[in-house]
Amino acid sequence: MRPNIIEQVDTTFIITIGISFFLLIVITITMIVFVFRYNKKRNPVPSNISGNTLLEIIWTVIPLILVMIIFFSGYTGFKNMRDAPENSMVVKVTGQMWKWTFEYANKKISDTLFVPVGQPIKLEIYSVDVNHSLYLPAFRVKEDAIPGRVNYLWFQPMYEGTFDIACAEYCGLSHSLMYSKLVVLPENEFYEWYNKSQPIDSTINIRNTDTQK
């Protein structure tokens with residue numbers, strides 16, 4: 001079974017924050033000890049200090065180990081993000097000032113992304129004007145939309161619901177309004193929508209409700 005992208009990203013953040021707090025505490029305590037123990041009042045005449053090979057090895061090896069832990073955690077998550085499953089449903093995403101458009105394999109187009117629960121989804125990302133960035137915060141994935149280039153990301157929604165889609169790249173005056181919705185449906189409801197000739201009314205209702213909030 002494929003690793004969960006959400007859990008991988010959250011784990012990397014927790015590890016990074018934990019190491020940062022650890023270093024903050026160690027460095028702060030060391031500073032306080034040195035301020036009181038080696039101040040001018042206690043040591044009016046400075047003493048000669050010789051090198052300490054063991055200490056230098058310690059403060060070189062420990063940071064190296066911590067950095068490698070962060071790197072390994074981040075790389076394994078990145079590798080998973082860049083390896084979309086072969087059975088992914090492909091949806092073409094087009095960014096433009098200032099909206100997202102989603103096109104399915106049957107040429108159906110919607111301004112809301114509808115997907116079936118449990119199905120890996122691969123989004124092929126395009127832009128028709130300036131740089132945008134497709135961001136699904138609930139699923140911890142983000143990828144730029146760049147004119148003249150095709151980018152992609154994938155995710156697998158494991159629970160039903162409605163989630164935000166945002167643009168995370170400043171793209172002009174109405175950048176802050178460039179939001180859409182991701183709607184995860186039961187498989188039968190998704191294909192009922194997918195096989196209809198016209199988008200269902202819930203696309204408009206969802207957007208209107210969000211605007212009113």
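The values are calculated or read from the model by the stated rules, or taken from the named source; none is laboratory data. Please read these numbers as outputs of a predicted model, since none were measured by experiment. Neighbour counts are summed over all protein chains in view; Cβ atoms, including those assigned to glycine, are modelled from backbone coordinates with ideal geometry.
General observations
- All conditions in (1) farther than 17 Å from Thr101 by Cβ; (2) assigned to a strand (DSSP E or B); (3) touching a helix residue (DSSP H, G or I) at 6+ places or on another chain (Cβ under 8 Å) hold for Asp164, with the sole exception of (1).
- Single condition Glu7 does not satisfy, out of (1) touching a residue at least 12 places away in the same chain (Cβ under 8 Å); (2) within 30 Å of Gly118 (Cβ to Cβ): (1)
- Residues in region 15-33 that are loosely packed, with under 12 Cβ neighbours inside 10 Å and either in a loop (DSSP other than H, G, I, E, B) or touching a helix residue (DSSP H, G or I) at 6+ places or on another chain (Cβ under 9 Å) (or both): Phe22 only.
- Of all residues in region 113-129, those satisfying the criterion of being buried (at least 17 other Cβ atoms within 10 Å of the Cβ), over 19 Å from Glu86 (Cα atoms) and either hydrophobic (A, V, I, L, M, F, W, C) or at pLDDT below 95 (or both) are Leu113, Phe114.
Every residue, every condition in (1) touching a residue at least 12 places away in the same chain (Cβ under 8 Å); (2) part of a helix (DSSP H, G or I); (3) touching a helix residue (DSSP H, G or I) at 6+ places or on another chain (Cβ under 7 Å); (4) under 19 Å from Lys181 (Cα atoms), yes or no:
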position: Asn48; (1), (2), (3), (4): no, no, no, no
position: Ile57; (1), (2), (3), (4): no, yes, no, no
position: Ile69; (1), (2), (3), (4): yes, yes, yes, no
position: Lys79; (1), (2), (3), (4): no, yes, no, no
position: Thr94; (1), (2), (3), (4): yes, no, no, yes
position: Trp100; (1), (2), (3), (4): yes, no, no, yes
position: Glu124; (1), (2), (3), (4): yes, no, no, yes
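- Residues in region 86-100 include none that are at positive phi and either exposed (fewer than 15 other Cβ atoms within 10 Å of the Cβ) or not assigned by TED's automatic domain parsing to the domain that holds Pro157 (or both).
- Some residue of region 70-91 being of a type in the set (Val, Ile, Thr) and under 26 Å from Leu173 (Cβ atoms): no
- Flag if Glu7 is assigned to a loop (DSSP other than H, G, I, E, B), within 30 Å of Ile125 (Cα to Cα) and not hydroxyl-bearing (Ser, Thr, Tyr): no
- Verdict on Asn48 being closer than 30 Å to Ile146 by Cβ and either of a type outside the set (A, V, I, L, M, F, W, C) or surrounded by 14 or more Cβ atoms within 10 Å (Cβ to Cβ) (or both): no
- Residue-level check: of (1) under 19 Å from the mean Cα position of the chain (by Cα); (2) within 17 Å of Ser88 (Cα to Cα); (3) of a type in the set (Gly, Ala, Ser), Gly118 misses just (1).
- In the condition set (1) exposed (fewer than 11 other Cβ atoms within 10 Å of the Cβ); (2) in a loop (DSSP other than H, G, I, E, B), Phe36 is compliant with all but (2).
- Members of region 126-146 that are part of a strand (DSSP E or B) and either of a type outside the set (Gly, Ala, Ser) or under 18 Å from the mean Cα position of the chain (by Cα) (or both): Tyr126, His132, Ser133, Leu134, Tyr135, Leu136, Val141, Lys142, Glu143, Asp144, Ala145
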